[in-house]
Every structure is written in structure tokens, then in C-alpha cells.
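The values are calculated or read from the model by the stated rules, or taken from the named source; none is laboratory data. Computed from a prediction, not measured in an experiment: that's the story for all the values here. Glycine also receives a Cβ, built like all others from the backbone with ideal geometry; neighbour counts cover every protein chain displayed.
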Amino acid sequence: MAEEILSKLVKGAEFERMAQIYSEDSTRDLGGDWGWVDRGTLAPSLEKIAFNLPAGKISNIIELSGNYYILKVEDKRGGVTRSFAEVRDEIEKKLQQQEAQAVQERWLADLRQKAFIKTF
């Protein structure tokens, strides 16, 4: 089925129409439009293809976990690089969370070592 759909797309069929007819995705009614997709959103194998595909082009068939995908990149826009001042608070919060989690994991490991558990 995926090969038939890809063949129709290569011959000029509208991607949106093919998605409306054949897609089993929740975006079926939207013609398969996922909207803007940021890095880290898709599965790594889909992301690699999506971000390397030129705008206006259609991918080959991608098989992932028993599902088949055909991607079309409509447009691309550059990512935004924020200044250190803008992200400093986020970085500090993330580092504090990581340290708190590490402390908790060490504490739990210590408790497990000291615990005496007897099962019947």
C-alpha cells in the first residue's frame, strides 16, 4: 500500500489528498500536516530524514515500529539561538534538579544497603 501511495505522489498526486485518503494518523483530516516540528520531537530515524529532506520534497517509505511513513517537508525555518542571559535561569534550574535527583538516588542506595529485608 505504501509503495502504491508513493508511486502516486511521484506521479504528481497531492500529498494532502493522499494523507486524507490513506493516513491512519490523527492529522488525517489536516492532510497529514504535523505543523512546525522542532528537533527532538520526532523519533530519531524520522527526525534524521525530515531535517535532511529539502523543502518541497517527499521522502521514501520509512518503516518504524510496524508503521510506515512518507514525509513531505513544506518549508524550513532556522532555529533560534538564545543568549546565555536568556537561558541562564533555565540552565540553573535544570542543574539543580539533576543534582537533587543524584542526591536522592545516593540516599536511596545507601538506605537499601543498610536495610535488612526478610521474606517468608
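Any chance segment 72-89 includes a residue that's in contact with a strand residue (DSSP E or B) (Cβ under 6 Å, 6 or more places away or on another chain) and within 30 Å of residue 52 (Cβ to Cβ)?
Yes - at least one qualifying residue is present in segment 72-89.
Return the residue satisfying two criteria in turn: it lies in segment 45-64 and is of a type outside the set (Asp, Glu) and under 14 Å from the mean Cα position of the chain (by Cα), and of such residues it is surrounded by the most Cβ atoms within 10 Å (Cβ to Cβ).
50
Answer yes or no: is there a residue in segment 75-84 that is part of a strand (DSSP E or B), modelled with pLDDT under 95, under 23 Å from residue 40 (Cβ atoms) and not acidic (Asp, Glu).
no
Residues that are part of a loop (DSSP other than H, G, I, E, B), among the hydrophobic types (A, V, I, L, M, F, W, C) and out of contact with any Cys (no Cβ under 6 Å at 6 or more places or on another chain): does segment 24-31 have at least one?
no
List the residue pairs whose Cβ atoms are under 9 Å apart, where the first residue sits in segment 5-20 and is outside any helix (DSSP H, G or I), the second is among the small types (Gly, Ala, Ser), and the two are 6 or more positions apart or on different chains.
Here the result reads 13/7; 14/31, each pair linking segment 5-20 to a residue that is among the small types (Gly, Ala, Ser).
Take the residues in segment 6-38 that are within 19 Å of the chain's Cα centre (by Cα) and among the aromatic types (Phe, Trp, Tyr), then tell me which one is nearest to residue 80 (Cα to Cα).
Looking at residues that are within 19 Å of the chain's Cα centre (by Cα) and among the aromatic types (Phe, Trp, Tyr), I get 36.
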